Amino acid sequence: NKQIILKDYVNGFPKESDMPLITSSIIRLNLPEGSNAVLVKNLYLSCDPYMRGRMSKSKGSYIDSFTPGSPIQGLGVAKVLDSGHLNFKKGDLVWGMTGWEEYSIINASEILFKIQDSDVSLSYYTGILGMPGMTAYVGFYEICAPKKGEYVYVSAASGAVGQLVGQFAKLSGCYVVGSAGTKEKVDLLKNKFGFDEAFNYKEEQDLEAALKRYFPNGIDIYFENVGGKMLDAVLPNMRFNGRISACGMISQYNVQGDGVRNLGHIVTKTLRMQGFIVSHYYHMYSKYMEMIMPLIKQGKICYIEDIVEGLESAPAALVGLFSGRNVGKQVVVVARD
Ligand code: NDP
């Protein structure tokens, strides 16, 4: 069983060498009936920014740190080989919290969903049909309560979550602008995902002025994926009674915070800024599936993935999230069936 382990807790930016590949013995079959244990073969693994937090020694976060010397854990799509849990049986396809290894024993009482519809690409269950899709749905509709005609700004807009927020905003009749870190990504935002405007934030000397250019009348909804200097530039551009969905702050995950100066606008513009953790909303998963599946099948929504082959490619793929190497949802193929 090939595995990617965390060598030791990480400080600063993660490196590929923090996640070596090792080989261990194969897991035995025949799990005791009535247990929560499910043996799976991993097919697709998801690389997600929150995983960086789990590489640091626990600071009392909502999720435990990884254990140095043990396999990295992450969301993925897998095939059940054996199950002690009544709800899962051999041959089922599932998505949930698994290990960065060829075969894993999953605890079915953690995040584990049976895949009911496999006429779409299975890798979608790491993205649009999985955690990032739910994140875009909850963070946009539940947290921001968008109204037709509102002005929406999305940062890290071409990524796993952002590309969906932009498309949801268009479906809701909003005006939406996104930012991303390369020309290729900006082209995708405008030409593939249907954002009204998009810009490369790395080419802007003055982000606050750039936002003023795209939103001369201000922003009603900011979908926050980045934090730091981006948040600072957004705050003075918010309209009265604007809403900020604090989804993530990836610019801060590997550094000691670089101080946001403009928080006073929250008071003077009577803004509402609300954070959320998607795993608190999984009870809404079937409602989300009812909305999203027809949109995919009717071609009304599209989803771009950045797929790399082989478990050994996973560390570089995860590290790449923090330099913007990924174009769309970062997926690792361990096996196709
Ligand atoms: P992405 O697929 O968007 O990948 C990360 C992207 O972030 C990179 O491609 C890069 O794009 C951008 N980025 C990286 N470093 C920086 C930086 N220093 N400054 C600005 N942009 C940067 O990731 P996801 O869509 O999966 O996640 C987006 C956000 O949502 C993250 O903050 C994540 O933590 C958060 N999240 C929160 C959840 C929740 O429950 N609250 C659940 C899931 C995700 P670019 O080239 O444009 O710079």
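Scan segment 189-196 and tell me whether some residue there is over 23 Å from residue 142 (Cα atoms), part of a helix (DSSP H, G or I) and touching a residue at least 40 places away in the same chain (Cβ under 8 Å). There is no residue in segment 189-196 that is over 23 Å from residue 142 (Cα atoms), part of a helix (DSSP H, G or I) and touching a residue at least 40 places away in the same chain (Cβ under 8 Å). Selection of first residues in segment 49-60 that are over 16 Å from residue 13 (Cβ atoms) and of second residues that are polar (S, T, N, Q), restricted to Cβ pairs under 7 Å at least 6 apart or on distinct chains, gives the following pairs, ordered by first then second residue: 57/65; 58/65. Considering segment 7-64, the residues that are basic (Lys, Arg), over 25 Å from residue 87 (Cβ atoms) and open to solvent by 50 Å² or more (accessible area, probe 1.4 Å) include one that is modelled with the lowest pLDDT, namely 59. On the stretch given as segment 324-337, residues that are near the ligand (Cβ under 10 Å from one of its atoms) and touching a residue at least 40 places away in the same chain (Cβ under 8 Å) total 6. Restricting 201, 151, 214 to those that are of a type outside the set (Gly, Ala, Ser) and near the ligand (Cβ under 9 Å from one of its atoms) reduces the list to 201. When residues in segment 247-274 are screened for being closer than 11 Å to residue 138 by Cα and either among the basic types (Lys, Arg) or out of contact with any helix residue (DSSP H, G or I) (no Cβ under 6 Å at 6 or more places or on another chain) (or both), 0 of them pass.
Of 124, 137, all but one fail to be under 22 Å from residue 198 (Cβ atoms), in contact (Cβ under 8 Å) with a residue 24 or more places away in the chain and either within 16 Å of the ligand (Cβ to nearest atom) or open to solvent by less than 10 Å² (accessible area, probe 1.4 Å) (or both); the exception is 137.
The values are calculated or read from the model by the stated rules, or taken from the named source; none is laboratory data. Every value quoted in this text rests on a predicted model; they were computed, and no experiment measured them. Cβ coordinates were reconstructed from backbone atoms using ideal geometry, including for glycine residues, and neighbour counts include every protein chain displayed. What goes into the accessible areas is simple: the full protein's heavy atoms, side chains included, and nothing from ligands, DNA or RNA. Shrake-Rupley method; radii C 1.70, N 1.55, O 1.52, S 1.80 Å.
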